[in-house]
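The values are calculated or read from the model by the stated rules, or taken from the named source; none is laboratory data. Since the model is a prediction, treat every value here as computed from it, not as a measurement. Here Cβ is always computed from backbone atoms with ideal geometry, including for glycine, and neighbour counts include all displayed protein chains. Heads up: the accessible areas ignore ligands, DNA and RNA and are worked out on the full protein's heavy atoms, side chains in. Shrake-Rupley method; radii C 1.70, N 1.55, O 1.52, S 1.80 Å.
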Protein chains: 2
Amino acid sequence: MSLILNRRDLDFLLYDFLESDHLHHYPRFAGQGRETYDQIIDLAFTLAEAQFQPHAALVDVDEPRFDGERVSMPAEVKQALDAYVEAGFMGAGFDEELGGLQLPCTLVQAIAALFYAANVSTATYPLLTIGAANLLAAYGDETQRRLYLEPLVAGRYFGTMCLSEPHAGSSLADIRTKAVPQADGSYRLFGSKMWISGGEHELSENIVHLVLAKIEGAPPGVKGISLFAVPRLLVAGDGSLGARNDVRLAGLNHKMGWRGIVNTVLNFGEDEGAIGSLVGEPHRGLAYMFHMMNEARIACGVAAVALSYTGYLHSLDYAKTRRQGRLPGEKDPTTPMVPLTEHADVKRMLLQQKAYAEGGLALGLYSASLVDLQDQGTAEESLKARRLLDILTPIVKTWPAVYGLKANEIAIQVLGGAGYTRDYPLERFYRENRLNAIHEGTTGIQAGDLLGRKVRQEEGAAFDALCDAISADLDPLTKGLSVETEDLAAALGICRQVTHDLVAAAAQVGEVRYLANATLYLDAIGHIVVAWLWLRQAQIASRLLAEGPGEEETAFLQGKLAACRYFFRYELPAARTTLALVAQIDDTCASLDPAVL
Amino acid sequence: MSLILNRRDLDFLLYDFLESDHLHHYPRFAGQGRETYDQIIDLAFTLAEAQFQPHAALVDVDEPRFDGERVSMPAEVKQALDAYVEAGFMGAGFDEELGGLQLPCTLVQAIAALFYAANVSTATYPLLTIGAANLLAAYGDETQRRLYLEPLVAGRYFGTMCLSEPHAGSSLADIRTKAVPQADGSYRLFGSKMWISGGEHELSENIVHLVLAKIEGAPPGVKGISLFAVPRLLVAGDGSLGARNDVRLAGLNHKMGWRGIVNTVLNFGEDEGAIGSLVGEPHRGLAYMFHMMNEARIACGVAAVALSYTGYLHSLDYAKTRRQGRLPGEKDPTTPMVPLTEHADVKRMLLQQKAYAEGGLALGLYSASLVDLQDQGTAEESLKARRLLDILTPIVKTWPAVYGLKANEIAIQVLGGAGYTRDYPLERFYRENRLNAIHEGTTGIQAGDLLGRKVRQEEGAAFDALCDAISADLDPLTKGLSVETEDLAAALGICRQVTHDLVAAAAQVGEVRYLANATLYLDAIGHIVVAWLWLRQAQIASRLLAEGPGEEETAFLQGKLAACRYFFRYELPAARTTLALVAQIDDTCASLDPAVL
């Protein structure tokens, strides 16, 4: 069995749960179907295992190096990416007229999960490129589409997203990179950008940096931020490559994990200024970024899921074969030791990982399916999907980062001392997954987005859409799942009430105190959402089991029921405890004088 | 301010909380007092910061290497350890007649915390040596005391503990290392030992391995395990060093963290057999180990605490000076950014770390104080202390490993992207602390020890001793702490009831199901114990505040009250949720068919 992802589970989520094989009813996906998707997933599995997985450990120790001229890294990275581009994955989600495959976002994220699970570092290059291309596809002018977007989709150019600066990480309002208009309509950029993944390398013909900067004289704060496309090598009107632009690698960042992706500090305009072109209208850069952020944050969540998923499979694989100790009550030391999977505590650790990994994948793919519905559905479907996406985005970004990391922590524990060594990939997954709560907006930023913005927008319409969607699945007559259904209904009721009370109290207690426990609120609502997705999976498994499937399929479906049961018994109660605290609008933290720390 | 540990807090715990300055009432500590202890702690602080901390990052990247002949490592390790030995710390807890300082265990652990916080890898060499020496001090014969113990206490020899084998990590009953009696009363050992820290190096004149092995013909299982002292270099009767013993380094283990301590696979008896001497009586090896395990497990907990503590101080230091963003509600982007410590979510993360780190240190030092009471107190005091120690040992081993790691995870989050880089030590602390839930008995092993053995021993006497100790501090009239006092009383009442019901149900449900959620039980009771220690600290802080101290001291004491309040509001409720699950004797995990995973 593959150790990157369980194919049966992926199929279960795509077809039994999300019914992605019906997406061809939308004109954009006409002619596609399960056969198409299966072939593409087969190819992705093969490529991920043959070309990405084998060098994942290598790039963790043999990090990108900069000799003052070029960034170098093991040749396997370029080989894998060339094969990825060759197979057409870079354009998977893009329009056919751009050379893409025009696949649904659901499939694009499913494929991304496979590559992330196989090698999160190498898989980041194309994922960043896709993010940059998405922005240009939405807001680029004809010239930018021709000169930058097409080669990005073709995988000839790679892309980056340049947001943070050394003094401004989470606080984008404070960026200082300056854009000076030129007589020919172009701009010259001056400033320093931090944490830029894929900022410099020899993997592609060119790099297109999408850079947030302020046009001279722009309003202060986020309202003065514009978006620019800044190529590493200048591109002539006929698409031919020219001289190096004034973008310099100032240094590499050395991280705890995810080491194979080069992470850079880039200086724009050390000399005459980096030449860039404005994307869209002036001062709308952050709005463009936010528009694309739903997908970028789903991708980030999917990466966290993928790491937890492959960690789970590796630890399960070990536990099945490693014999250690005997069951409690067995007093005869001459009996053979039992496999780790026989110990209740190890079963708990495996079930916990399974609940997090498979629950997270359900969350990631469900969120991706909302992008498809938003973009392709009727006006009514689209509105509902957009609202669900808005409220779920901070959750899909955060929940897998927190609980996927926990899963990786547990995977190490299953192996014991062996899991702590570099002989197994578990410790690497753990190090890599630690990043996901930080990049693409920290957990604190996501929590503020959820409670400060999403919950209150349109008079709570997005929050109501989520509650309605959950309520619609609360069928108290579901055989064998009535306890879980009741538990979820109760938790949802509490969540509704607490949210209502909290929002109502905001004006009275003020914004600082209203938002003080936003991270806990995000945590609790995330658990309720994942409980819902587990109930949905259990409902489907229950239905499929009634059809009397074969032994292997029965085991798979029983596994879904067991994980659902685990999640409701061992996990969901914590959400209620957390909501009880949130309901108190406790100001222990908000009112704390930092001088006493 | 030092970034390894807060000296005022250490003093608060030692003197205001544990009243260690009164230990001189016991004859063993006659003549000692606060002045003695302060000088020794001053020296430890100085040495830890000057000699240990500076090379902590170095030994993380420049790991011990084996060239087939010798293990080499940066020279700073030996320099630091020589200074440590020179200052007399190796013998801190040992009898004056052995050349030791005869300090109380409380002080020995306080000192250990400083060295662990400064450099957990280098500090492990002496801590292992002290562990080995403790065993020989308790069970060694005159020859072993003269030839091994004295040079260990003097720091001329270092020690190891050789328990695990490649096929037997947690399952010591299954070790295969064989001891063959020789005509001269010595033994020849044959077998392979795994995960041996400090197993081979050039840091000391000799290494004394304390090895678990089975004498030929011994009973199967744990009842056939004996303990042997096996030197790296043979030692003649006059103490002079002879030829190399038949102990070979088979390989080094490469870990995620804690990389500076050489971790080895050792082969005993590849040729004629490694010469060893029996410690104590045959077949009692595991009993001896268990006797010494309380202290070893306290030390392990203290290491986890130390890592969380220094992580907290580093993240606090960063948060005080790094400016980022503005408070919610501040709409003017031209106002200056505020320090991270102004943000409620960051304050929460700092308070959470403080509650874990300082609460963990209180737990570690309180446990150590019980060793002193057990060894020096009246028969009644000693019995009570021994029972408390028995029940607290799995807790002090585990709680700091779990919540200290969580603290290190949060410390990274406070720094954001910077915390994820190797430019700061936070990611290293996080990698290092991940080991503490694995070595010295995994969390699963500790949980089985607590619920399977300690809770039931002597008809619950140890558990009752803990409940009584907590109850004794529940003064409902404590000014300003009545809510916390009530909360703790309620949680303790539930814990008593659940424990009683669980033990009563064991015969009916069987051992497997009785123990199935032992890890959750351990987690919950750990939180209750730490809540108690926070209440105690708050009671003392409250009393000291009433005396009207100066500004700095007031801030420190207010910090204690804030952390106590945080722990009771944000942390303790989770223990009740967990106990509610434990009370159900849920068999989701125990009864799971692993084939469905």
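Below is a table of values for the structure above.
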| item | result |
| --- | --- |
| The stretch B:261-279 residues near the modelled B:Val180 label - backbone nitrogen below 19 Å, point 7 Å along Cα→Cβ | B:267-278 |
| Length added when fully stretched, B:Arg244-B:Gln508, from 0.36 nm per residue minus Cα-Cα | 89.4 nm |
| Residues in the stretch B:566-597 that a label on A:Ala555 would reach, taking backbone N under 16 Å of a point 7 Å out along Cα→Cβ | B:592-597 |
| For chain A: relative contact order, % (alpha-carbon pairs under 8 angstrom, 6 or more apart) | 12 |
| Share of pairwise Cα separations in chain A, more than 33 Å, in percent | 45 |
| The stretch B:49-186: C-alpha gyration tensor shape, a/c 1.5 cut-off, then a/b vs b/c | oblate |
| Percent accessible area from carbon and sulfur atoms, chain B, protein chains only, probe 1.4 Å | 51 |
| Local electrostatic count at A:Ala447 - Lys and Arg +1, Asp and Glu -1, tallied over other residues with Cβ under 11 Å | +1 |
| Non-local Lys pairs in the stretch B:226-375, i.e. 8 or more apart or on different chains, that have alpha carbons under 28 Å apart | 5 |
| Simple label model, 7 Å out from Cα along Cβ direction - A:Thr334 to A:Ala472, nm | 6.5 |
| For the protein assembly as shown, with +1 on Lys and Arg beta carbons and -1 on Asp and Glu, the positive-most of B:Gly131, A:Gln457, B:Leu47 along the dipole | A:Gln457 |
| With all protein chains modelled, accessible area of B:Phe567 [1.4 Å, Å²] | 0 |
| Residues B:Ser72 and A:Leu98, FRET efficiency given R0 of 60 Å [Cβ-Cβ distance, rounded to 0.05] | 0.55 |
| Bridge type composition, the stretch B:165-272 - antiparallel percent by DSSP, nearest 5 | 90 |
| Solvent-accessible surface (1.4 angstrom probe) belonging to B:Ile207, in square angstrom, nearest 10 | 0 |
| Under 16 Å from the B:Val483 label point (7 Å along Cα→beta-carbon), backbone N, the stretch B:319-353 | none |
| Computed [θ] at 222 nm, deg cm²/dmol, chain A (DSSP H ≥ 4; -39,500 (n - 2.57); rounded to nearest 500) | -16500 deg cm²/dmol |
| Charge dipole (debye, nearest 20) of the stretch B:500-597; +1 at Cβ of Lys and Arg, -1 at Cβ of Asp and Glu | 260 |
| Cα-centred dipole magnitude for chain A, charges only on beta-carbon of K, R (+1) and D, E (-1), debye, nearest 20 | 1220 |
| Charge context of B:Thr485, other residues only, Cβ under 13 angstrom, K/R +1, D/E -1 | -2 |
| FRET efficiency estimate (nearest 0.05) - Cβ-Cβ, B:Ala490 to B:Tyr15, R0 45 angstrom | 0.90 |
| Accessible area in square angstrom per residue, the stretch A:395-523, 1.4 angstrom probe | 34 |
| Heavy-atom accessible area, 1.4 Å probe, ligands and nucleic acids excluded: residues of the stretch A:141-180 down by at least 50 Å² from chain alone | A:Asp174 |
| Members of the stretch B:431-453 that become less accessible by 40 Å² or more once partner protein chains are added (1.4 angstrom probe, chain alone as reference) | B:Arg434, B:Ile438 |
| FRET efficiency for A:Ala580 and A:Asp141, using Cβ-Cβ distance with R0 set to 45 Å, rounded to 0.05 | 0.30 |
| Per residue, in Å², the accessible surface of the stretch B:250-346 once ligands and nucleic acids are set aside, probe 1.4 Å | 34 |
| Accessible area buried, both sides summed, chains A and B with 1.4 Å probe, Å² | 7600 |
| Antiparallel content of DSSP bridges confined to chain B, in %, to 5 | 80 |
| Within chain A, longest stretch clear of exposed trypsin sites (Lys or Arg not before Pro) (DSSP loop, no more than 11 other Cβ within 10 Å) | A:71-330 |
| GluC sites (Glu not before Pro) within the stretch B:527-597, DSSP loop, no more than 14 other Cβ atoms inside 10 Å | B:Glu547 |
| For the protein assembly as shown, size of Cβ-based charge dipole, Lys and Arg +1, Asp and Glu -1, in debye | 300 |
| Net charge of neighbours whose Cβ lies under 14 Å from the Cβ of A:Lys320, counting Lys and Arg as +1 and Asp and Glu as -1 | +1 |
